[in-house]
1. Order of 213, 328, 94 from fewest to most other C-beta atoms within 10 Å?
2. Within a 10 angstrom radius of the beta carbon, how do 443, 90 rank from fewest other beta carbons to most?
3. Would you mind telling me the antiparallel percentage of the DSSP bridges in region 156-275, rounded to 5?
4. Pull out the extension gain between residue 195 and residue 154, defined as 0.36 nm times the separation in residues minus the alpha carbon to alpha carbon distance; nm, one decimal.
5. Over the Cα atoms, compute the radius of gyration (one decimal) and Dmax (the largest Cα-Cα distance, rounded to a whole number) for region 44-348, in Å.
6. Counting other C-beta atoms within 10 Å, which of 231, 265, 439 has the fewest, and how do the rest follow?
């Protein structure tokens, strides 16, 4: 008789591919055959976060486990280092050694992410990784370190956070190594990035499909919209806007494939001309990007309401095609909410600050949102990683789902409310782990994603 314990090993591995997190480690404890079958999935992605760092060295790191059993390294495809243990106010040297040695063994690595300012020791270990295609690092590097970074090639996805001038200087020479493979480029908080360097980079990337230039002080929306003429097949674009009233250059860029637009809007005064500038951007790209399916906007400094004029412009131009809409660090008044639910018939995911004091009126506005599936409260999300201890309560969530015909998920802080019944309202509550983090807020996402940072 066939039992779960004597299933073919290949079948077990296929089953376990659908599990993640603690479920994988729990399955490994069931039996010896389950342990063998779950190993490829268990070690496919190695992540080291703050909660792990706090317990090191009492808790063995996954890198140490790989060193003790080197045969495990063959299964590692993705590695994320989001925190590093400290020893006397410095990075723990033993941990760094474990990481670098384990990284060297992982010959099948496809993606590497290190968001801590501790990348240099890992650079030699990243060489000779033929399958490495996705790289995201804290790029505060010296010139010799940047030269080591430039030895990497065949990347498809590159994200450089806080890039130093040394890294920026090598970009025009480094990019040609993967000009034919790179489809996504993100430069975040690179204060010394200038238009000359960015122009030299984008000229070599005509096949780029995603471009995110955010928080780079010397590159505003004017520069980005000039330079994207080099990247005509962009599907995703993120940029920072300033209060410059300089007219946008003509003719507008050809962005026929653009589906996702994210604007990092910066206000320095209450009488900012930003609403007019944002509207001018929408008008500018309209002739060549007529059907956005995703739009995200964030205010960086001041929490104020988005102008009704801008909302009206957005809905007039893209309301029929929008599936995902997000407003972060800003208010959206009730009239705007009603317009959004009325004029966006295909909206599936909505992120905005939910007005708890007007929860009844807000819930009624969802009557018109016939396709809305996911609602995320940005009141309790912070772009700096801190989440206040304020959440929607169960009664409020039930009220929202009563009016939202297709609403199945409401995210409020670390709480994820789900309706598990297709015909009535049966709520279940999941809590995201304290160490949970999603992609950057400006990156495109779908209706299944539940987090950003």
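1. If I rank by nearby Cβ atoms, fewest first, I get 94, 328, 213.
2. Exposure proxy ranking, most exposed first: 90, 443.
3. Roughly 0 percent of the DSSP beta bridges within region 156-275 come out antiparallel.
4. Once the chain is fully extended between residue 195 and residue 154, it gains 12.3 nm.
5. For region 44-348, the Cα-based Rg and Dmax read 21.6, 62 Å.
6. The most exposed by this proxy come first: 439, 231, 265.
A short reminder: the numbers here are calculations on the coordinates, not readings from a lab. What you see is a predicted model, and the numbers here were worked out from it, not measured in a lab. In this analysis, Cβ positions are derived from the backbone assuming ideal geometry, glycine residues included, and neighbour counts consider all displayed protein chains.
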